[in-house]
């Protein structure tokens with residue numbers, strides 16, 4: 001059984017040879033970001049995209065998990081980094 005890191009690496013390695021809708025959309029977003037002449041607007045847009053992804057991931061996680069991520073946990077982490085990292089408790093089997 002592969003861990004999630006290996007699985008993600010394998011997906012990245014094969015994404016160019018077998019693009020799916022998400023890869024195509026990601027390439028579109030990257031292309032649009034490259035066309036922005038203002039570095040400030042580019043950074044703001046990246047942050048907005050990261051926040052939207054985080055919000056959706058949080059909703060998804062809370063819907064399918066018994067552990068809930070509270071908004072206050074995320075806000076404190078957002079202030080310390082432009083890329084948000086959420087640490088989840090380790091569950092022992």
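The values are calculated or read from the model by the stated rules, or taken from the named source; none is laboratory data. Keep in mind that what you see is a predicted model, and the values were worked out from it rather than measured. All Cβ positions, glycine included, derive from the backbone under ideal geometry; neighbour counts span all protein chains shown.
Quick rundown of the values:
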{"item": "Residue satisfying all of: in region 32-66; at pLDDT below 95 and outside any helix (DSSP H, G or I); nearest to residue 22 (Cα to Cα) among these", "result": "65"}
{"item": "Failed condition for residue 69, given (1) modelled with pLDDT of 95 or more; (2) surrounded by 10 or more Cβ atoms within 10 Å (Cβ to Cβ); (3) touching a helix residue (DSSP H, G or I) at 6+ places or on another chain (Cβ under 9 Å)", "result": "(1)"}
{"item": "Leading residue by the ranking (modelled with the lowest pLDDT) among those in region 1-11 that are in a helix (DSSP H, G or I) and loosely packed, with under 10 Cβ neighbours inside 10 Å", "result": "4"}
